[in-house]
Amino acid sequence: MTDFTMTKDSEGIATVTWDCPGKSMNVMNIEALLHLETLVDDALGDKAVKGIIITSGKKDFAGGMDLNVLAQMKSAAGDNPAKGVFEGIIQMHGVLRKIELAGMDFKTKKGGKPVATVLPGTAMGIGLELPMSTHRIFAADNPKAKIGFPEILVGLFPGAGGTTRLVRKLGAMSASPYLLEGKSLAPSKAKSVGMIDEVSDDPMADARTWVLSAAEADLVKPWDAPGYRMPGGTPYHPAGFLTFVGASAMVNGKTQGAFPAAKALLSAVYEGALVPFDTALRVEARWFTNVIMNPSSAAMIRSLFINKQALEKGAVRPTEFADQSVKKVGVIGAGMMGAGIALVSAQAGIEVVLVDQNQEVADKGKAYSEAYMNKGIKRGKTTPEKKEALLSRITATTDYTALKDADLIIEAVFEDPEIKATVTKAVEAVVPIDCIFASNTSTLPITDLAESSVRAEQFIGIHFFSPVERMMLVEIIKGKETGDRAVAKALDYVRQIRKTPIVVNDARFFYANRCIIPYINEGIRMVSEGVAPALIDNAARMLGFPVGPLQLVDETSIDLGAKIARATKAAMGNAYPDSAVDDVIFWMEGGGRIGRKAKAGFFSYDDTGKRLGYWGGLTDRYPVLETQPDLIDVQHRLMFTQALEAVRALEEDVLMDIREGDVGAILGWGFAPWSGGPLSWLDILGSPYAASRCDELQATYGDRFACPDLLRDMAGKGQSFYGRFSNVENAA
Ligand code: NAD
């Protein structure tokens, strides 16, 4: 069985069908592409064949390149990996260019055979690069299909000619949302922007008609025709000049230069636009090699593609329990979090009972879903029928007896142990005996909350992040008594709502908040030392964090920070390390500067809540030092403070799997995605350097930077996290 097969019919059409055996989605690898080449050679050399149609035997066309293969390309290439990678890519270009020219004599533009692609559904990555090398793309009118290049989202860019072809087809400006942001489109939209050619109910019939009637001129790609001009102009054309200057500024503004793939993509586009098509392909291949050789791309592929998918598919799920899919979930507390949890559950087709203290609040929680769907209808993303169906799945009530047939409860009431205890008892009095009870607490230990439960082995933490419908991570917390069926149930639920889970053991702040708090605190501590606030936030943004620590604390609110600080201090007593931070936040809280919600925090705001700049009063109290620290020093403080917390979480068995530590950090709080996560970042630095840098930071800034024993041991042995912790179940 092979991925591509070919049949020839009496009308002279050779149909090549892509159908990877045993997979639900086609993905490309090098062997398959070389086999495709032999089929194309056969069809081009066969006088009886008039034209070729490439299609799929599945409901979609293809999901892209097998990234596992791509990740291994480098290591398989021996002593000179860059050369091996480059040659591999050039080989792929050769196959697609052969399809594009299809036997045509380049000088006379004669003698070629028409090649069309038929896309029944989704076509992503090389699943779109291949069609773009054919002469005409026909897609089924399938609104669920996605057409696009998502490579940038995992630290790559389209490297099999997709970058060069899309830019030459649409122009650099029009191509940029698809290349730089990885935006994908439904077929009708892809046609209207010019990415594909035809959308119809019967694309195969249309493709056949086209192949049988295509003229020689139809087979000449615009860039192979004499006098071709790039839409929107090349870099030295006045209009093109503006595009390229603007694109460069935009990309650097958005990414702060932290993502190597975005920079390399821009270079490939810019340099490629200055040279003939075949040279542009080589330029693209060189920049693609450059990206593959950068450790960032391997780390991003590993965390954001391979391991993220593995976690979503249940890599850490206890295997002894059959499917625990949720049919009816009870959400207790219809506030900000409860309303969002009800929405995402109902979106997954789960029946929801949304309970609050009075009917008005419960209804308001349900109205959140209505408002969300109304927005979707306005944007053409959903329909009134779907809205009605979704709302009919949510029952808003004050009556606990409505929970009597729920199989999962998610409690999201006030963050108060007593209220939570009362709710737990009230719920357990009505739900079935095998119902799993989850708390969405962000700070209270699950083991303590489970004490009010009569079924502690069925008690677990399911910690969402805000806003629930947008944040992809869900942290599942095992209390001391939590049993494996509860873990399986929580994981099955997270799969149903299509989010990414990590499973951690119970400890103060679990995993994500445990790492975010030191990040925020380090930023605030630097303010107290006289580091310029703008330097602190910009240093973080230049590392690829979505917002700097000071802006982040303004968003999440300073009174919440102060509340957490008080509780932590009470719990830790003399060991509490953050008094320098408290000095700043208690003072700000006392003055009512509690963040954006009060339109006063580290920033000043106008009446509409728009940030105006850092608040002057801050530097009056904490004067800015005349000599500011080095940018790298500020960045290392911000990075190490989180990464070392992740290492400690691993040492303490809060994190049970390094993959979860990395994936959770990127999805949970936007930890520098280019690094692949905190543990991957330490691997990129190398453990010997990381350990010695800890020593320097500790000597200058204090014991919070003390090198954890685990890292010290790894440094002595020259180990990496992914080397030390990769075993059969844990392979990255
Ligand atoms: P919220 O104040 O917006 O909502 C809490 C809701 O619980 C209110 O509607 C309240 O009426 C209801 N409630 C209180 N007592 C109740 C009772 N006895 N029975 C039924 N309903 C009751 O709070 P929130 O921000 O949605 O947070 C809820 C929980 O989620 C907290 O435990 C919090 O720590 C956690 N959490 C919050 C965030 C966040 O970003 N806000 C993130 C993760 C987790």
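The values are calculated or read from the model by the stated rules, or taken from the named source; none is laboratory data. Everything numeric in this text was worked out from a predicted model, so none of it was measured. Every residue, glycine among them, receives a Cβ derived from its backbone with ideal geometry; neighbour counts consider all protein chains shown. Surface areas here come from the heavy atoms of the whole protein model, side chains and all, with no ligands, DNA or RNA. Shrake-Rupley method; radii C 1.70, N 1.55, O 1.52, S 1.80 Å.
Could you check what % of the DSSP bridge pairs in the range 328-507 are antiparallel, to the nearest 5?
Given both bridge residues lie in the range 328-507, the antiparallel proportion sits at roughly 15 percent.
Out of the DSSP beta bridges found with both residues in the chain, what percent are antiparallel (nearest 5)?
25 percent
To the nearest 20 debye, what charge dipole does the chain have about its Cα centre, counting +1 at the Cβ of each Lys and Arg and -1 at the Cβ of each Asp and Glu?
Here the size comes out at about 1860 debye.
Using DSSP to define loop residues, name the GluC sites (Glu not before Pro) in the range 547-637 whose beta-carbon has at most 10 other beta-carbon atoms within 10 Å.
Glu626
Find the percent of Cα-Cα distances in the range 204-261 that exceed 16 Å, and round it to a whole number.
67 percent
Leaving out ligands and nucleic acids, and using a 1.4 Å probe, what accessible area per residue does the chain come to in Å²?
Accessible area per residue, the chain: 41 Å².
Please report, to two decimal places, log10 I(q)/I(0) for the range 513-631 at q = 0.19 Å⁻¹ as given by the Debye formula with identical point scatterers on the Cα atoms and no solvent.
Results for the range 513-631 at q = 0.19 Å⁻¹ read -1.03.
What part of the accessible area of the range 247-385, given as a whole %, is carbon or sulfur when the probe is 1.4 angstrom?
Heavy-atom surface of the range 247-385 belonging to carbon and sulfur, 1.4 Å probe: 55 percent.
Take the Cα pairs of the range 1-124, get the Kirkwood Rh, then feed it into Stokes-Einstein at 20 °C and 1.002 mPa s and tell me D in µm²/s.
Taking Rh from Cα pairs, D becomes 137 µm²/s.
Test of understanding: express the Cα radius of gyration of the range 4-221 as a ratio to 2.2 N^0.38 Å, with N the residue count.
Rounded to two decimals, the normalised Rg is 0.98.
Ratio to report: Rg/Rh of the range 390-487, with Cα atoms as the point set and Rh obtained by the Kirkwood method; give two decimals.
0.95
For the range 478-519, just say rounded, prolate or oblate: build the C-alpha gyration tensor, square-root its eigenvalues into a ≥ b ≥ c, call rounded for a/c under 1.5, and beyond that prolate if a/b exceeds b/c, oblate if not.
Verdict is oblate for the range 478-519.
Viscosity 1.567 mPa s, temperature 4 °C: what is the translational diffusion coefficient of the chain from Stokes-Einstein with a Kirkwood Rh over Cα pairs, rounded to a whole number of µm²/s?
Reported coefficient: 46 µm²/s.
Given the -39500 (n - 2.57) contribution per DSSP H run of 4+ residues, what per-residue ellipticity at 222 nm results for the chain, rounded to the nearest 500 deg cm²/dmol?
Rounded to the nearest 500, it is -15000 deg cm²/dmol.
Taking C-beta distances below 4.7 angstrom as the pairing criterion, name the unpartnered cysteines of the chain, in sequence order.
Singleton cysteines: Cys20, Cys435, Cys515.
Just flag the chymotrypsin sites (Phe, Trp or Tyr not before Pro) in the range 216-278 sitting in loop per DSSP whose Cβ has no more than 14 other Cβ atoms within 10 Å.
Of the chymotrypsin sites (Phe, Trp or Tyr not before Pro), the ones in loops of the range 216-278 whose Cβ has at most 14 other Cβ atoms within 10 Å are Tyr228, Tyr236.
Among the helices of the chain (complete DSSP H runs), which have Cα atoms covering no less than 27 Å along the helix axis and a Kyte-Doolittle mean of at least -1.0?
81-101, 631-651
What does the charge add up to near Leu535, with Lys and Arg as +1, Asp and Glu as -1, over the other residues with Cβ less than 15 Å from its Cβ?
That sum, taken over residues with Cβ under 15 Å, equals -3.
Taking the range 101-140, which trypsin sites (Lys or Arg not before Pro) meet the DSSP loop condition and have no more than 15 other C-beta atoms within 10 Å?
Lys107
In whole Å, what are the extents of the range 299-384 along the principal axes defined by its C-alpha atoms, from largest to smallest?
If we take the Cα atoms of the range 299-384, the spans are 45, 35, 22 Å.
Binning at 10 angstrom from zero up to the longest distance, how are the C-alpha pair distances of the range 72-185 distributed in percent?
For the range 72-185, the pair-distance distribution reads 13, 36, 34, 15, 1.
As a quick test, which of the pairs Lys478/Lys610; Lys191/Lys263; Lys59/Lys499 have an alpha carbon distance above 32 angstrom in this structure?
Lys478/Lys610
For a test of the definition: using alpha carbon positions, the gyration tensor, and the 1.5 limit on a/c, classify the range 328-507 as rounded, prolate or oblate.
prolate
Find the centroid of the Cα atoms in the range 472-536 and in the range 51-107, then give the distance between the two in whole Å.
About 40 Å separates the Cα centre of the range 472-536 from the one of the range 51-107.
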